[in-house]
Amino acid sequence: MKTLSTTTPVLIVDDDEDDRWLMGQAFKVACPQLTPMFAKDGEEAVDSLQVLPFRYLF
């Protein structure tokens, strides 16, 4: 089982629920070493960035 301590968190910001789901599936297959975390808008993204440092932001 992967944990945040063994994977790199990635913040994905997208307002479309279907797109967030699709990106999550793509990361599972193509980049299992990355842990996608999602925000549905800029406000959620800023809140997430204040809590956890992200190496990548999409």
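The values are calculated or read from the model by the stated rules, or taken from the named source; none is laboratory data. Since this is a predicted model, take the numbers as computed values, not measurements. When we count neighbours, we look across all protein chains shown, and the Cβ atoms used for this are built from the backbone with ideal geometry, even at glycine. Remember, those area values only see protein heavy atoms, side chains included, never the ligands or the DNA or RNA. Shrake-Rupley method; radii C 1.70, N 1.55, O 1.52, S 1.80 Å.
Descriptive notes on the structure:
- Computed from point charges on the beta carbon alone (+1 for Lys and Arg, -1 for Asp and Glu), the dipole magnitude for the chain about its Cα centre is near 560 Debye.
- Signed unit charges on C-beta, dipole axis of the chain, positive-most listed residue L49, W21, P9: P9
- Accessible area per residue in Å² at 1.4 Å probe, computed on the chain: 74
- Percent of Cα-Cα distances greater than 16 Å, calculated over the chain: 40
- Estimated from helical segments only, the mean residue ellipticity of the chain at 222 nm is -13000 deg cm²/dmol, where each DSSP H run of four or more residues counts as -39500 (n - 2.57).
- Longest exposed-site-free window of the chain, the sites being trypsin sites (Lys or Arg not before Pro) in a DSSP loop that have at most 12 other C-beta atoms within 10 Å: 3-54
- Of all accessible heavy-atom area on the chain, the percent that carbon and sulfur account for (1.4 Å): 58
- Under Karplus coefficients 6.51, -1.76 and 1.60, residue-wise ³J(HN,Hα) of the stretch 45-58 in Hz, glycine/proline x: 5, 4, 4, 5, 5, 6, 9, 9, x, 10, 7, 10, 9, 10
- For the chain: relative contact order, % (alpha-carbon pairs under 8 angstrom, 6 or more apart): 50
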